[in-house]
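J.: The structure's right below; bear with me while I get my questions together.
Every number in this text was worked out from the coordinates using simple rules, so none of it is lab data. Because the structure is a prediction, the values reported are computed rather than measured. Methodologically, a virtual Cβ is constructed for each residue, glycine included, from the backbone with ideal geometry; neighbour enumeration extends over all protein chains shown.
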Amino acid sequence: MNALEKNDYRRLTAEEIETLKSQKCSAADWSLIEVAEDFCPEYVHYTRFSGNIRLGAFRKEFSLAGGMKKHSGLYDTTLHNVTVGDDCCIENVKNYIANYTIGNDTFIENVDIILTDGRTAFGNGVEVSVLNETGGREVMIYDRLTAQTAYVMALYRHRPEMVARLREIIGKYVESVSSSEGYIGAGVTIVDAGYIKNVKIGDSCKIEGASRLKNGSINSNEAAPVHIGVNVIGDDFIISSGSSVEDGVTFSRCFIGQACRLGHNYSASDSLFFSNCQGENGEACAIFAGPYTVTHHKSTLLIAGMFSFMNAGSGSNQSNHMYKLGPIHQGIMERGAKTASDSYILWPAKVGAFSLVMGRHVSHQDTSDLPFSYLIEQQNTSFIMPGANLKSVGTIRDAKKWPGRDGRKDPDRLDQINYNLLSPYTIQKMLNGMAILKELQRISGVNSDAYTYQSGKIKSSSLKNGLKYYGMAVDKFLGNSLITRIMNSNARTLGQLHEAFAPVSEYGEGDWVDISGMIAPKAAVEAVLDDIQNGKLTGADEINARFAAIHSSYYDYEWKWAYKVICEYYDVDLAAVSAEKLRELVNRWKTSVVSLDNLVYEDARKEFSLSAMTSFGADGDEKQRMDDFEQVRGSFFEADPFVTSVKEHIRIKSELGDKVLEILHRL
């Protein structure tokens, strides 16, 4: 056990004081210096002490890049009211370190100043004016903030009593972490850094070349270290475990969630970034970046918007002021929506889930009930292609890659993330979308060339395709839920199967919501908010645990929703349905799954067309062009890994359908 853990210190001996003086050390009052039992002054040189000082033992050597070794100790530094753990190396502090406890095995070299000045909460409690730059949706950031808590704090302003109570709960947490003494954890590296003030630094963090860090918490730990790189400037912030902020990033009033990556001179203000976000080169202002919001391009500005599972194309831009009353407008791009290069959206607007935006859109579209759509501008008119993204190979590829790109190594994962492409949330929107499209047909006639929807246009062919694609997706999702229930039932009779179909969960029916990555019944979320408002939930971690419990119950809730929708959509009673009707539904599911996969398969084929080979084999003939393409992209379409996975999916689902049909034949 080390001295920090034991709190076991002694005063310096007269001989140790003389040795330190001979090594050019000085102290305002030597009696205020305490040391570990096995402290040896041999490794303390040119150091000035003031205030209350505690020093551990210096026994270890640090191995540096290039084979260099340095022994732990204090060299050319000034310490004021500092506790230094065992086996630290602190060297060349140009100004001083003041009011900090420094953990064991920490390496600090070539820094300007590190200080805690007065009582501070280290970035906790900072108010971020997200979405609306002029205020009204402020989110109080703190160490334990999740995407779900931030969502309800920002968007549920129609429940002012709940928001006020939530702020009280967060305020209690802020007070509990406030202190006039800063903390630098164990195994930390801080080198070539400038100004560090009122910053709490967790274990195993690496700060290399940062210019300024002021009023923040870096919640690094051994399982998920944080890296802060060269020329980074940050004020009023929280950085969560496993994240990296590098290469000239500047940020102020920001929360950076777990496993985020910001780099290449990215600039952000008044913004929230939750798990696995990536930002490079561009700029963010007042954005709510839910999990997997990605922007890589220099010319891209994200402003006053809410995003998740989003990829912003180069030159993407939004406008939130309309040159009238200032920057008061906001927009929402629901999960999975993405922008093509040079796209523009005039807020306010709302883009449906998994939609693609191309061109300039100024008519304040709300396509939330038309998910998986293309929103394309032609001659200053917004054209909507409902459901077109359901057959896009890119959409399916994205859905497959997101779980594999979860970079969170911390076992304490804050955000609840549901990766499902099809869920009650998106299927309910498709059902709404089908009703909208049918109503447009009824009002304008089946033979119309185009239909008007919210200042946009839907071509007749697009409307008909939308109905077809949505119908396939609904059949696929409801069939998936039904087949899962049949396979898990172990029923030997039709009566037992009817019993197995009966939902048991409390929540599930009615509207569903996407709470920034967590898909859940709205009623279940409202129950949490009720308990916050009435005082049943009194701590930040209690709230996080409730959201985690909702997330873990997703499939039970999903079945309760699907059960009712299956009965209504197919006009069946699952409590008394015949085996013949079930076989009909399974065959319908099988047809839809295979049909959608075939559409994706054909979309993927375009990547191997002759036009896709343009610019390959730059200086050769057609054969060299094809040979060059083969070396870069693969020998032929059928061997592509994604294409292979689609074909395998068709095979697996076909076999599953046959297996379920066999079970039903035996009942």
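J.: If you build the convex hull over the alpha carbons only and average its shadow over all orientations, what do you get for the chain? Give it in nm² to one decimal.
T.: 37.1
J.: Moving on to the next point. Tell me the GluC sites (Glu not before Pro) within region 1-92 that lie in a loop according to DSSP and have at most 16 other beta-carbon atoms within 10 Å.
T.: Sparse-neighbourhood loop GluC sites (Glu not before Pro): Glu37.
J.: Follow-up question, since we're still on this one. If each residue's Cβ is checked for other Cβ atoms within 10 Å, how do Arg10, Arg583 rank with the fewest at the top?
T.: Final ranking by Cβ density, sparse to dense: Arg10, Arg583.
J.: Is the C-alpha gyration tensor of region 305-456 telling us rounded, prolate or oblate? Criteria: a/c under 1.5 is rounded; beyond that, a/b larger than b/c is prolate, otherwise oblate.
T.: oblate
J.: Is the shape of region 1-92 best called rounded, prolate or oblate, per the rule: a/c under 1.5 gives rounded, else a/b larger than b/c gives prolate, else oblate, with a ≥ b ≥ c the square roots of the Cα gyration tensor eigenvalues?
T.: oblate
J.: Before anything else, pin down the relative contact order of the chain: Cα pairs under 8 Å, at least 6 apart, normalised by residue count, whole percent.
T.: The normalised contact order for the chain reaches 7 percent.
J.: Using packing as a proxy for protection, rank 462-475, 163-176 so that the peptide with the highest average count of other Cβ atoms within 10 Å comes first.
T.: Highest mean packing first, the order is 462-475, 163-176.
J.: Could you tell me the convex hull volume per residue, in Å³, taken over the Cα atoms of region 196-260?
T.: Each residue corresponds to 57 Å³ of Cα convex hull volume.
J.: Please report the spacing between the Cα centers of region 538-578 and region 377-430 in Å, no decimals.
T.: Comparing the Cα centres of region 538-578 and region 377-430, I get a distance of 20 Å.
J.: Once you sort the root eigenvalues of the Cα gyration tensor of region 426-562 as a ≥ b ≥ c, which label holds: rounded (a/c under 1.5), prolate (a/b larger than b/c) or oblate (the other case)?
T.: oblate
J.: Ranking Met358, Met333 by Cβ neighbours within 10 Å, fewest first, what do you get?
T.: Exposure proxy ranking, most exposed first: Met358, Met333.
J.: Return the long-range amide H neighbours of Gly387 (sequence gap of 5 or more, or a different chain), with a cut-off of under 5 Å between placed amide H atoms.
T.: Residues meeting the criterion, in which the H sits 1.01 Å from N, are Ser373, Tyr374.
J.: Counting helices only, and only those DSSP H runs with n ≥ 4, report the 222 nm mean residue ellipticity of the chain as the sum of -39,500 (n - 2.57) divided by its residues, in deg cm²/dmol to the nearest 500.
T.: So the calculated ellipticity at 222 nm is -10500 deg cm²/dmol.
J.: Still on this model: Mind checking the log10 I(q)/I(0) for region 462-501 at q = 0.17, 0.26, 0.30 Å⁻¹? Debye, one equal scatterer per Cα, no solvent, two decimals.
T.: For region 462-501 at q = 0.17, 0.26, 0.30 Å⁻¹, log10 I(q)/I(0) is -0.54, -0.78, -0.90.
J.: With just the Cα atoms defining each centre, how far is region 301-372 from region 204-255? Give it in Å.
T.: The two parts, judged by their Cα centres, are 29 Å apart.
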